[in-house]
1. When Phe89, Phe50 are ordered from fewest to most other Cβ atoms inside 10 Å of their Cβ, what list results?
2. What number, in percent, do you get for the relative contact order of the range 31-111 if the mean sequence gap of Cα pairs under 8 Å and at least 6 apart is divided by its residue count?
3. Given points 7 Å out from each Cα along the Cα-Cβ axis, report the Asp99 to Arg27 separation in nanometres with one decimal.
4. Provide Ser97, Ser40, Ser60 in ascending order of the number of other Cβ atoms located within 10 Å of each residue's Cβ, fewest first.
5. With a Cα-only, solvent-free Debye model of the range 31-111, what are the log10 I(q)/I(0) values at q = 0.14, 0.16, 0.17, 0.25 Å⁻¹?
6. Going by how many other Cβ atoms sit within 10 Å of their own, how do Thr36, Thr110, Thr76 line up, fewest first?
Amino acid sequence: MFGRLSFITSTRIHQIVVVVNNEMPGRLQGKVAVVTGAASGIGRATALTFAREGASVVCSDIRDVSRTSDETDITTHDAIKKNGGNAIFVKCDMGESKDVEALIQKTVETYGRIDM
């Protein structure tokens, strides 16, 4: 199976194709990760990496699509699901306590816990 590895330079996000060995479970198999800023940039790369390592990922941001046109048209949570992972999106402004509370509540409601 092939996967994508993203890295950022000063002006673009680059993706290269890498071979993924699915015979061994990932280091995060069975874990639940909440990733803020998951729609783009480092947050997106983190969410995709956690999912590739086996985590169920709660992608959170103020919008579900990237703010830049340099990134792919597919949302982070849809990219994870397309590659066989488990992910949801929860809209959250980290500066609003009610949004953070709702993020935690939805994560625990969906997955039963938060590991990271």
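No lab work stands behind these numbers, since they all come straight from the coordinates. If you're wondering where the values come from, they're calculated on a predicted model, not measured in any experiment. Here Cβ is always computed from backbone atoms with ideal geometry, including for glycine, and neighbour counts include all displayed protein chains.
1. Phe89, Phe50
2. 28 percent
3. So the two model labels end up 3.0 nm from each other.
4. Details: Ser97 9, Ser40 20, Ser60 29.
The order, fewest Cβ neighbours first, is Ser97, Ser40, Ser60.
5. -0.39, -0.51, -0.58, -1.19
6. By the 10 Å Cβ count, ascending, the order reads Thr110, Thr36, Thr76.
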